[in-house]
Amino acid sequence: DEDFPWRYTPAPADTGLHRLTPWIALLVLEEATEFEDGKNIQNRPLPFITIKGDLTKLLPRHDELWAWAHVHVNQAVHAGSDVVAPDTGAALSQFESLLRTNADMAYSRLMSPRDLAENKTYHAFVVPAFETGRRAGLNLDIPPDLDAAAPAWGGAARPEAGNFPYYLPWEFRTGAMGDFEFLV
């Protein structure tokens, strides 16, 4: 669904900058060197990985996650040739009309800011972006005073800081040509 990355976010919107942090994030990690499958899966609601190494170097900056999720529409939403609609209200009305006509014309995407090396195998994981979701997925206590919008990585010390539950995993291999920079 086009709103899925933001549907359950506990973060408040930054209306001045038009940003909303999604409740899920896409992590891309090198096979065998940057993560391992979680060992103790008993009483865990979700499978998980243990990230090996410095989380600040392997994971996207939490304050930039808003930039790594977007909605793609397979049809023009507003009349005119501008990339940005001059009237947001009119464009939103046209977008809602388009979805009522055919909901499959729009969908959401998660992206990773990670630069990928040639000819390597990577694993991608859709993970909770907030600490409350990470703890719930690992069946860890969630203190009542924990800020619901606290990031799942970075910041204050947390239990099992390198463990991340995931909702969806997949693997892929890069080639020598055809990356974004080459295609552009």
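The values are calculated or read from the model by the stated rules, or taken from the named source; none is laboratory data. Here the structure is a predicted model, which means the values were calculated and not measured. Note that each Cβ is placed from the backbone with ideal geometry, even for glycine, and that neighbours are counted across all protein chains shown. Surface areas here come from the heavy atoms of the whole protein model, side chains and all, with no ligands, DNA or RNA. Shrake-Rupley method; radii C 1.70, N 1.55, O 1.52, S 1.80 Å.
A Gaussian network model of the chain, with springs between Cα atoms under 10 Å, assigns the largest mean-square fluctuation among Gly154, Gly137, Gly89 to Gly89. Which of Ala124, Ala91, Ala67 ends up with the largest GNM mean-square fluctuation for the chain, with Cα atoms connected below 10 Å? Comparing Ala124, Ala91, Ala67 in the GNM, the peak value goes to Ala91.
In summary, the lysines within cross-link reach of Lys39, defined as a Cα separation below 24 angstrom excluding same-chain residues under 8 places away, comprise Lys52, Lys57.
Could you tell me what percent of the accessible area of segment 1-141 is made up of carbon and sulfur, with a 1.4 Å probe and every protein chain present?
Carbon and sulfur: 51 percent of the exposed surface of segment 1-141.
Using only Cα coordinates, the Kirkwood hydrodynamic radius of segment 112-184 works out to 14.6 Å. Averaged per residue, the chain has 61 square angstrom of accessible surface, using a 1.4 angstrom probe with ligands and nucleic acids left out.
Restricting the calculation to alpha carbons of the chain gives Rg and Dmax of 18.5, 56 angstrom. Applying both filters, DSSP loop and at most 11 other Cβ atoms within 10 Å, to the GluC sites (Glu not before Pro) of segment 53-149 gives Glu118.
Placing a label point 7 Å from the Cα of Leu140 along the Cα-to-Cβ direction, the residues of segment 152-176 whose backbone N falls under 11 Å of that point are 152-154, 156-165.
What does the extension gain come out to for Asn102 and Asp54, with contour length at 0.36 nm per residue minus their alpha carbon separation?
Extra length available between Asn102 and Asp54 comes to 12.9 nm.
Of the trypsin sites (Lys or Arg not before Pro) found in segment 1-66, those in coil by DSSP whose Cβ has at most 12 other Cβ atoms within 10 Å are Lys39. Extent of segment 1-106 along its three principal axes (Cα atoms, max minus min coordinate, largest first): 53, 27, 26 Å. If you wrap segment 98-145 in the convex hull of its Cα atoms and look at it from every side, the mean projected area works out to 7.1 nm². Between 0 and 90 degrees, the angle of helix 88-101 with respect to the longest Cα principal axis of the chain falls at about 80 degrees.
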